[in-house]
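Structure, as structure tokens:
Each value in this text was obtained by applying a stated rule to the coordinates, not by laboratory testing. This one's a predicted model, so the numbers in the text were calculated from it and none came from an experiment. Don't worry about glycine lacking a Cβ; one is built from the backbone with ideal geometry, like all the others, and counts go over all protein chains shown.
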Amino acid sequence: LEGLEQGGEFEEMSRTLKEEARSAKIQEYGEEKLPAGDISGNEVIVVEGRADVVNLLKNRINNVIGMNGTKLPATIAKLGKEKELTLFIDGDRGGRLIAKNVIDNARISFVAIAPDGKEVEELTGKEILIALRRGITTAEFLQRMQYERKGYDEEAKSEASESGATTTFSGDVK
């Protein structure tokens with residue numbers, strides 16, 4: 001009891017218990033038994049995996065569902081027909097590739113992106129809220145991806161021409 005009277009440890013223990021209680025609210029949804037919070041409302045946040053769902057629940061964001069990997073489950077595609085979906089992706093190349101696949105196969109209204117190089121599962125509560133507030137429409141996201149891709153292609157061509165490199169192939173493919 002003496003250690004608890006100092007306050008710091010007690011507050012930390014109390015905070016941890018509250019977070020664990022919130023993350024215990026995780027449930028399974030649909031045929032694929034996807035990890036989810038309370039998705040009874042009209043707006044749902046779609047994340048990549050279970051750890052992302054747990055992190056959002058710990059930070060009091062309950063309207064979340066996970067895809068359990070990179071492949072889009074049919075349950076989420078069906079959910080997109082009934083609800084407004086926001087896709088929340090990691091701030092890396094993999095996140096952008098997943099977004100492209102999901103957008104091509106489900107009705108996504110908005111895309112939120114974690115800060116560069118960070119994963120949704122490792123974000124703090126403040127970082128989560130900032131990323132969600134900075135969410136953009138799907139059309140704007142696709143336009144930015146096209147611009148980034150175009151810039152990458154032009155940069156690669158420029159570097160190749162500066163170095164005198166050529167990209168020719170002469171050989172048999174078996």
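Observations
- Pairs exceeding 27 Å between alpha-carbon atoms, taken from K58/K118; K81/K118; K58/K83; K25/K100: K81/K118; K25/K100.
- Karplus-based coupling profile of region 36-49, in residue order and whole Hz: 8, x, 8, 10, 6, x, 7, 10, 9, 9, 9, 10, 6, x, with θ = phi - 60° in 6.51 cos²θ - 1.76 cosθ + 1.60 and x standing for Gly or Pro.
- In this simple spin-label model, placing a label point 7 Å from the Cα along the Cα-to-Cβ direction at both R15 and N42 gives a separation of 3.6 nm.
- With θ taken as phi - 60° and the Karplus curve 6.51 cos²θ - 1.76 cosθ + 1.60 applied, the whole-hertz 3J(HN,Hα) list for region 108-120 is 10, 8, 9, 10, 10, 10, 5, x, 3, x, 10, 9, 4 Hz, x standing for glycine and proline.
- ³J(HN,Hα), Karplus 6.51/-1.76/1.60, whole Hz, each residue of region 76-91, x for Gly, Pro: 6, 4, 5, 4, x, 7, 9, 10, 8, 9, 10, 8, 10, 10, 5, x
- Look at the alpha carbon pairs under 8 Å that are at least 6 residues apart: their mean separation over the length of region 30-109 gives a relative contact order of 32 percent.
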